[in-house]
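Data block below; observations after.
The values are calculated or read from the model by the stated rules, or taken from the named source; none is laboratory data. Since we're looking at a predicted model, the values are computed, not measured. We place every Cβ from the backbone using ideal geometry, glycine too, and count neighbours over all the protein chains shown. Areas reflect the complete protein model, heavy atoms only, side chains present, ligands, DNA and RNA absent. Shrake-Rupley method; radii C 1.70, N 1.55, O 1.52, S 1.80 Å.
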Amino acid sequence: MKLADISYRIKIPLAISAVILLTELVVTSMLVTRAFRDARADLEASARNLTTVLARSLREPMVRDDLWQAFEVIRTPLAARSTDNPLQAVIVLDAANRVFVASDPERLPVLSALDAIPAPLVGVVERTRELGRFEFKFTRGQAGSEMAAAGPIVAEDGTRLGTVLVEFDAERYYARVRSTLLDVALLSLPGLLLLIPLGWYWGKRMAEPLAQTAQALSRVGHDAPSAIAADLPPASHDEIGRLAQRTRAMLDELARKEALEREMVASERLAAVGRVSAAIAHEINNPLGGMLNAIDTAQRHAEPDPFTRKTLGLLGRGLQQIRATVSALLVEARLDSPLLDAQDWHDLRTLIEPQVQARQLRLHWQVEPAAQERLALPAHEIRQLVLNLLLNAVKATNDGGDVELTVARGPGLLGIVVGNTGAPIPPELLGRLFEPFVTATERDGKRAFGLGLWVCYQIVQQRRGSISVESADGWTRFAVSLPIEESAAATSTTKETAWPASA
């Protein structure tokens, strides 16, 4: 019988070593906490005793205004302290909260005002003055550790003469604490060295399936359910195995639900596209037809110079591309299109270079010679596909960035990669980029929703190709792969089929 098939009732005894380890860690933590608490209590008791003794010893010098005797009184504990004693300074304030005498007179001269004292110590002085009793301050914040104590100096008749302030060196104090903690840790080390390997071995072996399941569940909503299910632990008869089995069933249901939701959303958006395109198609196609006829007439009957003829050709192909864009929004449209050749790549570069230069971008244009031959692909669709991707790349690139186009031809395939530098695409949008009305860009402070990537996706799907996007390491790249019908390469035109209503 495999370990994965054994019940947890049998696995629990195997985890006793982990319980022993936890017990020892808890005991060690309690000892450490107790040592730290005792060290603080000792410091507070020492501070209380010191301030009490100093307050009594300073009565007579303060009454007689004898600075030298007061200075000798406060210097005595500092001179007699051990090397690890955290006592750092003693300051005596008179009734007006001015410095009467200090252990470091260069830092705090006589009659210095209260604001000459370090700010962290002022609070404990004020509380002692208000309450008329011993006060101890022990804090550890972003500004560092603050350790000080203060006590009132009261004459025999009860008259308040001043305040004695004791300041401690936090570094020395924590050095003593660390030494104590090190001793406690060394006492616990042999047990830890014995139990940690055993507990780690069994703990990892037992927790691995559960960790896999938890990690897979944390990816729900971010990754594809099929990819999540592949990372679940294998099915078994114990509790975790049954949990993994039920999780797979849940992921299957989730995948079906997501697919249905995508179909519904796509159908709704396609319906919206249909309503918009039906309203504008007639208004656009009529003037387009007139302009195309005018250009055709000029080419046939006029005698333009070579530059004008080239310009008219570019205008004609551009208007045909506009016509193809309109037809992309009408699923019933059928248009004739010439085959893709080198002139189309030249036109694309001519169309995109002004925008690249206006943004001061670097354009990396690599179209292999084999890809510039006449291919059995509709020129209008491929021009529209590549131009949309290039325009998006230019918009998404910061000024001075890079835009690239790489086109390569393989056996029966045409590969197109359009990339740009700039901010990456958020992960939550990567899976929805090719849906209509999903992406948004800022234009003059207004939100603008586009159909460019959706049209690209429709073109690729119609050509039975594939399109993917990758956004990482400062680059965003769209990769398109289109099959080429080699047998149709000699045909001069290709017929468009109806666009799928749901894609």
For residue 142: the one exception among (1) surrounded by fewer than 15 Cβ atoms within 10 Å (Cβ to Cβ); (2) modelled with pLDDT of 85 or more:
(2)
Taking only pairs six or more apart or across chains, which ones have beta-carbon atoms under 9 Å, a first residue in the range 125-137 that is in contact (Cβ under 8 Å) with a residue 40 or more places away in the chain, and a second residue that is assigned to a strand (DSSP E or B) and surrounded by fewer than 21 Cβ atoms within 10 Å (Cβ to Cβ)?
134/152
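For the range 403-427, what are the residues that are in contact (Cβ under 8 Å) with a residue 24 or more places away in the chain and surrounded by fewer than 17 Cβ atoms within 10 Å (Cβ to Cβ)?
Hits for the range 403-427 are 408, 412, 413, 415, 423, 424, 425, 427.
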If you go through the range 127-139 one residue at a time, do you hit one that is assigned to a helix (DSSP H, G or I), in contact with an Asp or Glu (Cβ under 6 Å, 6 or more places away or on another chain) and open to solvent by less than 10 Å² (accessible area, probe 1.4 Å)?
yes
Quick check on the range 408-433: of everything there that is at pLDDT 90 or above and within 19 Å of residue 452 (Cβ to Cβ), which residue is nearest to the chain's Cα centre (by Cα)?
420
When you scan the range 242-265, how many residues do you find that are open to solvent by less than 40 Å² (accessible area, probe 1.4 Å) and either modelled with pLDDT under 80 or at positive phi (or both)?
1
Filter result (modelled with pLDDT under 85 and within 27 Å of the chain's Cα centre (by Cα)) within the range 451-472
453
Taking residue 120 as meeting all but one of (1) under 28 Å from residue 31 (Cβ atoms); (2) open to solvent by 40 Å² or more (accessible area, probe 1.4 Å); (3) touching a residue at least 24 places away in the same chain (Cβ under 8 Å); (4) in a helix (DSSP H, G or I), write down the number of the exception.
(1)
Read through the list (1) open to solvent by less than 30 Å² (accessible area, probe 1.4 Å); (2) at pLDDT 85 or above, then give the number of the only condition that residue 28 fails.
(2)
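Residues are listed down the side, and each one gets a yes or a no for (1) modelled with pLDDT of 85 or more; (2) open to solvent by 70 Å² or more (accessible area, probe 1.4 Å); (3) outside any loop (DSSP other than H, G, I, E, B):
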| site | (1), (2), (3) |
| --- | --- |
| 21 | no, no, yes |
| 32 | no, no, yes |
| 35 | no, no, yes |
| 38 | yes, no, yes |
| 51 | yes, no, yes |
| 82 | no, no, no |
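Per-residue answers, yes or no, for (1) within 15 Å of residue 165 (Cα to Cα); (2) among the β-branched types (Val, Ile, Thr):
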site	(1), (2)
60	no, no
86	yes, no
93	yes, no
99	yes, yes
102	yes, no
116	yes, no
129	yes, no
135	yes, no
139	no, yes
Looking only at residues in the range 84-123 that are at pLDDT 85 or above and acidic (Asp, Glu), which one is farthest from the chain's Cα centre (by Cα)?
94
Of the listed residues (175, 149), the one being part of a strand (DSSP E or B) and touching a residue at least 40 places away in the same chain (Cβ under 8 Å) is 149
Within the range 227-241, tally of residues that are outside any helix (DSSP H, G or I), without any contact (Cβ under 8 Å) to a residue 60 or more places away in the chain and surrounded by fewer than 17 Cβ atoms within 10 Å (Cβ to Cβ):
2
